[in-house]
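**Student:** Pasting in a structure now, in structure tokens, and then I'll have a few things to ask.
Values in this text are rule-based calculations from the coordinates and carry no lab data. Just so it is clear, the model here is predicted, and its values are computed rather than measured. With ideal geometry, Cβ positions are generated from the backbone for all residues, glycine too; neighbour counts draw on all protein chains shown.
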Amino acid sequence: MDLNKLFNISDEVILLLGFTGPIGRQFATVFAESGCTLVLGDNSENGRDLAESIKKMNRNTEYIRLDVTDETDVRDAVSYVAEKYGLISVLVNNFSARPEGFYKKFEDSELGCWNEVLNVNLSAMYLSSREVSKVMMRQGYGSIINVSSVHGVIAPDQRVYGGSGLNSPAVYASSKSGVIGLTRYLAAYLGKYNIRVNSICPGGVNPGNVDKGFVDEYSTRIPLNRMADMEDMKGPVVFLASQASRFVTGQSIIVDGGQSIW
Ligand SMILES: NC(=O)c1ccc[n+]([C@@H]2O[C@H](COP(=O)([O-])OP(=O)(O)OC[C@H]3O[C@@H](n4cnc5c(N)ncnc54)[C@H](O)[C@@H]3O)[C@@H](O)[C@H]2O)c1
């Protein structure tokens with residue numbers, strides 16, 4: 001296979017769930033640039049407008065408003081895409097929730113918030129993977145990419161948050177570790193159907209508007225000496241979506257500038 005074919009995803013039908021945040025926009029943009037058929041699913045207010053701007057880059061872009069925690073929404077969306085395009089070659093589970101109370105200190109945190117985050121970050125990933133894997137089993141191939149976090153791999157260093165009001169709560173780390181466990185399980189289970197399942201574990205992304213004091217503090221803890229920017233997640237997702245990673249499954253690719261190595 002030549003170099004262009006290895007990374008060519010123009011014939012793929014990609015379902016990207018959760019695309020309005022800083023990482024989701026990187027994924028949506030690079031997929032749109034690839035020329036693939038791109039279906040963008042989300043439940044946020046600005047999803048439709050953002051999808052329209054991505055459609056200007058790639059006419060084969062479609063937007064579906066759905067709640068990833070709603071079984072009917074997920075079933076309907078998956079069967080709609082499978083029937084319309086005849087296949088789903090790549091599923092990217094990129095959604096996550098930050099409900100009210102998300103940033104509370106551990107001792108003040110509430111069970112309702114814990115359950116809500118787990119429901120989106122982990123249970124919904126089970127749901128979309130279950131529904132899409134049935135389509136992929138029928139077609140005999142597929143790639144599922146679950147977005148975890150460096151905090152699914154290492155504990156957050158509490159010293160970086162200082163007085164910023166930011167926090168990476170226990171439920172976030174727990175849900176993101178769960179994503180890695182789910183990824184391994186599904187990779188083992190679905191391997192015989194030629195379905196690969198991997199996760200990406202990003203470090204903190206600065207879309208350009210993060211408090212400078214926090215950015216500086218965070219950067220000192222990263223070997224590459226900076227937070228991730230709005231380009232850094234594109235390469236890894238194309239790698240996992242494409243034939244370049246055809247023998248890679250069950251892995252968690254840590255894209256953190258080296259944060260987790262020391
Ligand atoms: N941004 C970072 O610094 C960072 C770092 C590590 C990991 N991550 C992870 O990367 C992924 C993407 O992060 P991001 O910063 O681009 O996004 P984000 O956290 O800002 O947004 C998540 C997306 O999920 C969607 N979503 C939430 N609940 C939903 C629901 N019930 N139904 C449908 N859609 C729903 C939101 O509308 C949004 O598009 C997340 O899983 C996040 O945890 C982010």
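**Student:** Taking only segment 200-220 into account, find how many residues are touching a Gly at 6+ places or on another chain (Cβ under 8 Å) and either closer than 30 Å to Ser133 by Cα or part of a strand (DSSP E or B) (or both).
**Tutor:** Adding up the residues that qualify gives 2.
**Student:** Here's another thing I want to ask about it. Could you identify the single residue in Val171, Val210 that is farther than 30 Å from Ser10 by Cα, out of contact with any Ser or Thr (no Cβ under 8 Å at 6 or more places or on another chain) and not basic (Lys, Arg)?
**Tutor:** The conditions single out Val210.
**Student:** Further, regarding this structure: Among the residues that make up segment 224-235, is at least one of them away from the ligand (no atom under 15 Å from the Cβ) and farther than 28 Å from Gln158 by Cα?
**Tutor:** Yes: one or more hits.
**Student:** For segment 134-188, enumerate the residues that are under 24 Å from Leu91 (Cβ atoms), of a type in the set (D, E, K, R) and either more than 16 Å from the chain's Cα centre (by Cα) or away from the ligand (no atom under 14 Å from the Cβ) (or both).
**Tutor:** Lys134, Arg138, Arg184 - these are the residues of segment 134-188 that are under 24 Å from Leu91 (Cβ atoms), of a type in the set (D, E, K, R) and either more than 16 Å from the chain's Cα centre (by Cα) or away from the ligand (no atom under 14 Å from the Cβ) (or both).
**Student:** Pull out all pairs, ordered by first then second residue, where Cβ-Cβ is under 8 Å, the residues are six or more apart or on different chains, the first lies in segment 20-37 and is more than 14 Å from Thr61 (Cβ to Cβ) and in contact (Cβ under 8 Å) with a residue 60 or more places away in the chain, and the second is part of a helix (DSSP H, G or I) and within 13 Å of the ligand (Cβ to nearest atom).
**Tutor:** Gln26/Lys234; Gln26/Val237
**Student:** Oh, and also: What number of residues within segment 91-125 satisfy the criterion of being among the small types (Gly, Ala, Ser), in a helix (DSSP H, G or I) and in contact (Cβ under 8 Å) with a residue 40 or more places away in the chain?
**Tutor:** Within segment 91-125, residues that are among the small types (Gly, Ala, Ser), in a helix (DSSP H, G or I) and in contact (Cβ under 8 Å) with a residue 40 or more places away in the chain number 2.
**Student:** For Gly178, all conditions in the list (1) surrounded by fewer than 18 Cβ atoms within 10 Å (Cβ to Cβ); (2) under 20 Å from Phe106 (Cβ atoms) hold save one; what is the number of the exception?
**Tutor:** Exception for Gly178: condition (1).
**Student:** Would segment 102-124 turn up any residue that is touching an Asp or Glu at 6+ places or on another chain (Cβ under 6 Å) and more than 23 Å from Glu33 (Cα to Cα)?
**Tutor:** no
**Student:** Something else about it: Restricted to segment 7-35, and to residues that are aromatic (Phe, Trp, Tyr) and closer than 15 Å to Ile144 by Cα, which residue is farthest from the ligand (Cβ to nearest atom)?
**Tutor:** This residue is Phe31.
**Student:** Report yes if some residue within segment 237-260 is outside any loop (DSSP other than H, G, I, E, B), within 16 Å of the ligand (Cβ to nearest atom) and more than 16 Å from the chain's Cα centre (by Cα); otherwise report no.
**Tutor:** yes
**Student:** Next question, about the same structure. Suppose we filter Val120, Val132, Val160 for residues that are buried (at least 23 other Cβ atoms within 10 Å of the Cβ) and of a type in the set (A, V, I, L, M, F, W, C); which single one remains?
**Tutor:** Just a single option satisfies the conditions, and that option is Val132.
**Student:** Could I ask something else about it? How many residues does segment 135-148 hold that are surrounded by 17 or more Cβ atoms within 10 Å (Cβ to Cβ), in a loop (DSSP other than H, G, I, E, B) and at positive phi?
**Tutor:** Looking only at that region, the number is 0.
**Student:** Now a separate question. Which of (1) under 19 Å from Leu240 (Cβ atoms); (2) within 11 Å of the ligand (Cβ to nearest atom) is the odd one out, the single condition Asn119 does not satisfy?
**Tutor:** Condition not satisfied by Asn119: (1).
**Student:** While we're here: Out of Ser252, Ser168, Ser260, which single residue is of a type in the set (S, T, N, Q) and without any contact (Cβ under 8 Å) to a residue 24 or more places away in the chain?
**Tutor:** Just one listed residue meets the conditions, Ser168.
**Student:** Any residue in segment 231-238 that is touching a helix residue (DSSP H, G or I) at 6+ places or on another chain (Cβ under 8 Å), among the acidic types (Asp, Glu) and loosely packed, with under 14 Cβ neighbours inside 10 Å?
**Tutor:** Yes, because at least one residue in segment 231-238 is touching a helix residue (DSSP H, G or I) at 6+ places or on another chain (Cβ under 8 Å), among the acidic types (Asp, Glu) and loosely packed, with under 14 Cβ neighbours inside 10 Å.
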